[in-house]
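Nothing in this text is a laboratory measurement; each read-out follows from the coordinates by a stated rule. Only a predicted model underlies this, so the values are computations on that prediction, with no experimental measurement involved. Cβ coordinates were reconstructed from backbone atoms using ideal geometry, including for glycine residues, and neighbour counts include every protein chain displayed.
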Amino acid sequence: MNRLMVVLGTTHELQGAEKRGGNRSDPLYEELLKDLVAEDGLDFIFEEATGLGPTTAEKLSLASGPNRYLDVDPSREERVKFGIPANTNNPFMVGSPPNAAFADEVFHEVHAKREKLWIERIAKQEFKKALMICGANHTLSFAFRLCAANFSVKTFTYMPSS
């Protein structure tokens, strides 16, 4: 039987990484994490936290015992060791204040390198069923990579309503 990976794509603001600015508190996010872990009896949590934790999920993993969590994404400073540039996107403003918003040009080649590294790190861990939390931009591409690497995959996205 292939190991199960439940992929949850969301916004980084909800992950609660203590060393990240701009976090947003959402009690429903933590409830969702608990529900996903309980539903399939998940025994490990992986996360794209970029070295900015601890996160909400990392703290939650302690209920499963020690060493049941791994931040699979290298920090911006560590990325160069893996041939990955520090910047993986290019934000730009649309409109002008006070009616402005931001869009991101996403460098898919760079994200592909990161996702391949994540799978290498995941494959080395002992688990049967795990949760992987990543940014929404990675949800489907990472799920496809996991399937290609012989994992069973369930995929969810969570975007708060406001």
Place a label point 7 angstrom from the Cα of ARG24 along the Cα-to-Cβ direction, then list the residues of the range 121-137 whose backbone nitrogen is under 15 Å away.
-> 135-137
Cα-based Rg / Dmax (Å) for the chain | 15.9, 55
Percent relative contact order for the range 1-97, counting Cα pairs under 8 Å at least six residues apart, stands at 22
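List the relative contact order of the range 58-152 as a percent without decimals, with contacts defined as Cα pairs under 8 Å and 6+ residues apart.
19
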Can you work out ³J(HN,Hα) from phi for every residue in the range 106-118, in order, using Karplus 6.51 cos²θ - 1.76 cosθ + 1.60 and θ = phi - 60°, giving whole Hz and x for Gly and Pro?
-> 9, 7, 4, 5, 5, 5, 4, 4, 4, 4, 5, 4, 4
For the range 17-106, give the magnitude of the charge dipole about the Cα centre (Cβ charges: +1 Lys/Arg, -1 Asp/Glu; no others), in debye to the nearest 20.
-> 400
Using θ = phi - 60° and the Karplus relation 6.51 cos²θ - 1.76 cosθ + 1.60, list the HN-Hα couplings for the range 65-78 in order, rounded to whole Hz, with x at every Gly or Pro.
-> x, x, 6, 10, 9, 8, 7, 7, 9, x, 5, 4, 6, 7
extent check for the range 67-135: Cα max minus min per principal axis, descending, whole Å, gives 50, 26, 19
For the chain, what is the charge dipole size about the Cα centre, in debye to the nearest 20, if Lys and Arg each add +1 at the Cβ and Asp and Glu each add -1 at the Cβ?
-> 420
What residues have an amide H closer than 5 Å to that of LYS154, excluding those fewer than 5 places away on the same chain, when H is modeled at 1.01 Å from N in the peptide plane?
-> MET5, VAL6, VAL7
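Treating only the Cβ of Lys, Arg, Asp and Glu as charged (+1, +1, -1, -1), what charge dipole size does the range 1-56 show about its Cα centre? Round to the nearest 20 debye.
220
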Between THR157 and ALA100, Cβ-based FRET efficiency (R0 22 Å, step 0.05) works out to 0.25
Within the chain, helix-based [θ] at 222 nm, where runs of 4 or more DSSP H residues each add -39,500 (n - 2.57), nearest 500 = -8500 deg cm²/dmol
Given the chain, longest segment not containing exposed loop GluC sites (Glu not before Pro) (DSSP; at most 15 other Cβ within 10 Å) | 19-76
Cross-link partners of LYS113 among lysines (Cα-Cα below 21 Å; sequence separation of 8 or more within a chain) = LYS81, LYS124
Would you mind ranking ILE122, ILE45, ILE133 so that the residue whose beta carbon has the fewest other beta carbons within 10 Å leads the list?
-> ILE122, ILE45, ILE133
Taking Cα pairs under 8 Å and at least six residues apart, what relative contact order does the chain come out at, in percent?
-> 39
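How do CYS147, CYS134 line up, fewest other C-beta atoms within 10 Å first?
CYS147, CYS134
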